[in-house]
Amino acid sequence: MNEAQTRIDYIDPALRHAGWGVVEGSRIRVEFPITKGKILGGGRRAKALQADYILEYKNVRLAVIEAKKRDLYYTEGLPQAKDYAARLNIRYTYATNGLKIYEVDMEQAVEGDVNKYPSPDELWEMTFPTPKEEYKLEIEDWKDRLRAIPFEDRGGLWQPRYYQHNAITKALDAIASKKDRILLTLATGTGKTAISFQIAWKLFHAKWSRERNTKRRPRILFLADRNILADQAFNAFNAFEEDALVRIDPATIRKKGKVPKNGSIFFTIFQTFGAGGKTEEQEDEEDNEYEYTQELAQAAEPEAAYEKKGNFHGYPEDFFDLVIIDECHRGGANEESSWRDILEYFSPAVQLGLTATPKSDVNGVTYEYFGEPVYTYALKDGINDGFLTPFRNKEIATNYDSYTVTKDDNIVEGEAELGDTFTYEQYGRSIIIEQVERYRVKTFMDMINQNHKTIVFCATQVHAAYIRDIINQFSESLNPNYCQRVTAEDLKIGEQALRDFQDNEKLIPTILTTSKKLSTGVDAPEVRNIVLLRPVKSMVEFKQIVGRGTRLFDGKDYFTIYDFVKAHEHYKDPEWDGEPEPPIGGEAGGNDGDEKPPKKPKETYCEKCDNDPCVCEEAPKKLVRVELSKGKAIEIDSTVKTSPATTSPSPTA
């Protein structure tokens with residue numbers, strides 16, 4: 001007897017006899033999808049995982065059943081049953097061949113034979129035992145109330161992925177349990193905004209508030225550090241009634257002379273609330289080393305200067321019930337950050353931090369503030385499950401990654417002495433060697449499909465403009481806007497270029513150059529190339545940059561990182577948790593097996609750039625521009641290696 005017949009003749013009747021699909025609120029879900037299967041290329045994927053049965057009751061997944069045909073040993077499917085239950089965060093799981101049933105309590109590590117399946121009410125009590133203490137009863141009542149609110153499924157078009165379901169459930173259980181600082185750690189591209197929406201949706205419709213008396217709906221604040229992130233969240237919450245959503249902006253505050261209070265869910269950026277009175281553009285400017293001291297006033301919007309006290313003081317301290325902090329590792333929880341003033345002011349509220357960055361000494365203060373994450377989903381998990389796009393890394397080294405000034409070179413601008421030496425780490429920031437920059441651009445332009453969307457990370461805003469111009473000169477496109485710069489200086493023009501770039505229906509612009517602005521918060525699924533022309537010292541920022549390419553898109557089997565700055569060294573760091581795709585046939589990969597992982601650079605909080613780790617350096621006096629002699633110019637060459645760059649040395653061939 002095959003498995004399908006076994007299920008029809010034995011398992012399905014046994015479940016119905018126990019009341020599954022019969023008792024109101026109970027449901028049997030078959031062939032339940034768990035993963036999509038890792039992308040293998042050529043339109044192929046690894047086998048997706050799916051559970052034979054999921055038993056649901058009162059909107060909660062209570063059990064996994066893994067079935068095998070009658071003639072196999074009844075625990076043949078036990079490893080799968082345990083794996084699926086662990087992934088789905090389900091306490092009870094079963095293996096069966098229709099004749100015998102094996103039960104496992106994943107929480108207590110108790111397992112053994114049982115004669116029958118528990119009924120829906122029995123399994124509910126097994127999973128959520130009725131507490132005896134009164135205070136625990138109140139907590140369980142809130143958990144039940146929140147579980148009873150169905151997900152907002154966009155008319156049946158959306159269902160949470162298993163890890164999203166887990167994250168939402170864990171966060172809501174923490175809120176019901178009166179935890180006031182909560183952290184979710186999920187890789188970039190895994191849908192943190194969708195998760196925060198569903199959390200807000202359930203709290204809103206359950207009428208949860210800090211008073212926990214169901215007399216009013218909650219007031220929720222969504223805080224980001226980029227306007228584009230706040231705008232994306234505002235749009236993602238559009239299932240709420242229009243009058244429930246409020247986008248807080250400085251123009252409205254100035255016009256009305258007060259902050260808006262009529263609404264339920266409020267969206268803004270730290271800079272609008274800002275205790276420090278800085279705009280988003282000013283924050284970006286401070287991330288750009290030498291430029292910020294000379295051009296800060298030009299980059300900031302003139303209308304966006306705020307009182308030092310901060311607009312957040314326009315709200316009572318207990319106005320919000322929940323504060324959601326997006327990308328919270330970028331400074332919001334930093335003890336010395338001006339953003340911390342806002343969080344401390346609204347300390348009566350439950351605060352939910354969202355981050356893509358696992359715990360490390362780089363952002364340990366975030367974890368000290370929020371505590372350990374209630375749920376974590378890593379980059380490697382997303383790639384292996386098929387929810388994120390894998391990537392390849394091309395290491396590109398030129399014979400001019402180090403340059404010493406000689407008398408036959410022409411110093412076009414700035415000051416440099418004979419014998420002064422510069423390395424690739426200073427290119428675009430302290431020095432621009434025109435032929436080297438043109439060579440680097442031509443190299444990656446010749447390697448990419450020029451119709452594929454690409455982000456190029458440059459050293460500064462000036463460098464980003466310079467590289468933009470060279471790209472347009474080398475481009476095969478006939479459109480003058482093929483490549484555009486998006487930095488703090490570009491303001492509204494840059495924001496429009498970014499929106500066009502994110503639009504999958506638009507081909508122009510195809511390439512964006514940037515310095516810091518696009519390292520986070522850019523939801524552009526079509527991105528197939530990331531070019532690094534500036535060093536990325538911070539593992540936190542490097543993971544964010546990699547995340548620009550991980551989102552799924554039809555026909556996108558992988559994306560490629562073109563690394564001119566030895567960023568691939570990060571793959572050797574134990575904190576790295578996702579590997580590029582293996583080498584393409586014939587190309588060398590890895591190292592010789594003797595190379596030791598580099599020492600981790602010391603990274604600390606910096607008051608000047610208001611960031612942890614520091615992203616600024618001492619400002620050089622003036623950018624040096626150099627023209628190499630003709631003899632040197634024709635010597636420029638490079639080596640290219642597509643490398644697996646694993647966290648441990650690759651075996652030699």
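Brief remarks follow.
- Solvent-accessible area of region 59-177 (1.4 angstrom probe, protein heavy atoms only): carbon and sulfur portion equals 48 percent.
- Extension gain for I411-R45 works out to 126.4 nm (0.36 nm per residue, less the C-alpha to C-alpha distance).
- Relative packing of 250-259, 98-107, 373-382, 113-122, which averages over residues the other C-beta atoms within 10 Å, highest first: 373-382, 98-107, 113-122, 250-259
- Sum of side-chain charges, I545 neighbourhood, beta-carbon under 13 Å (Lys, Arg +1; Asp, Glu -1): +4
- Cα centroid separation - region 429-490 against region 395-414, whole Å: 19 Å
- Charge tally for F501 (other residues, Cβ to Cβ under 14 Å; Lys, Arg +1; Asp, Glu -1): +2.
- For the pair T130 and M1, a Förster radius of 41 Å applied to the C-beta separation gives a FRET efficiency near 0.50, rounded to the nearest 0.05.
- Probe 1.4 Å, protein heavy atoms only - accessible area per residue of region 411-563 in square angstrom: 35 Å²
- Taking 29 Å as the limit for the C-alpha separation, the pairs K178/K543; K82/K380; K506/K543; K572/K622 exceed it in the case of K178/K543; K572/K622.
- One Cα centroid belongs to region 224-267, the other to region 73-118; the line between them spans 47 Å.
- Note on W158 and K255: the extension gain reaches 31.0 nm, defined as 0.36 nm multiplied by sequence separation minus the Cα-Cα distance.
- Projected area averaged over orientations for region 338-486, convex hull of C-alpha atoms, nm²: 14.6 nm²
- Rounded FRET efficiency, nearest 0.05, which uses the C-beta distance separating D144 from E368 and R0 of 25 Å: 0.15
- Whole-percent carbon and sulfur share, accessible surface of region 390-546, 1.4 Å: 47 percent
- For region 7-152, the ratio of Cα radius of gyration to the globular rule of thumb 2.2 N^0.38 Å stands at 1.13.
- Per residue value of the accessible surface for region 38-165 (all protein chains in place, 1.4 Å probe), Å²: 52 Å²
- Label-reachable residues, region 252-272, where backbone N falls under 20 Å from a point 7 Å from D243's Cα toward its Cβ: 259-267
- Seen from A4, the other residues with C-beta closer than 15 Å to its C-beta sum to a net charge of -3, counting Lys and Arg as +1 and Asp and Glu as -1.
- Phi angles across region 433-439 convert, under the Karplus curve 6.51 cos²θ - 1.76 cosθ + 1.60 with θ = phi - 60°, into 3J(HN,Hα) values of 9, 4, 5, 5, 5, 5, 5 Hz, Gly and Pro given as x.
- Taken one residue at a time, the phi angles of region 260-265 give Karplus couplings (6.51, -1.76, 1.60, θ = phi - 60°) of x, 10, 8, x, 10, 10 Hz. Gly and Pro are set to x.
- E627 contributes an accessible area of around 80 Å² to the protein surface, as traced by a 1.4 Å probe with all chains present.
- Each 5 Å bin from zero holds the following percent of Cα-Cα pairs in region 126-180: 4, 17, 22, 24, 16, 9, 5, 2, 0.
- Per-residue Karplus couplings for region 137-154, computed as 6.51 cos²θ - 1.76 cosθ + 1.60 with θ equal to phi - 60°, are listed in order as 4, 5, 5, 5, 4, 5, 4, 5, 4, 6, 5, 6, 7, x, 4, 7, 9, 6 Hz, Gly and Pro entered as x.
The values are calculated or read from the model by the stated rules, or taken from the named source; none is laboratory data. Source: prediction; values computed, not measured. Reconstructed Cβ throughout: ideal geometry from the backbone, glycine too, with neighbour counts over all protein chains shown. Quick note on the areas: whole protein, heavy atoms, side chains included, nothing else; ligands and nucleic acids left out. Shrake-Rupley method; radii C 1.70, N 1.55, O 1.52, S 1.80 Å.
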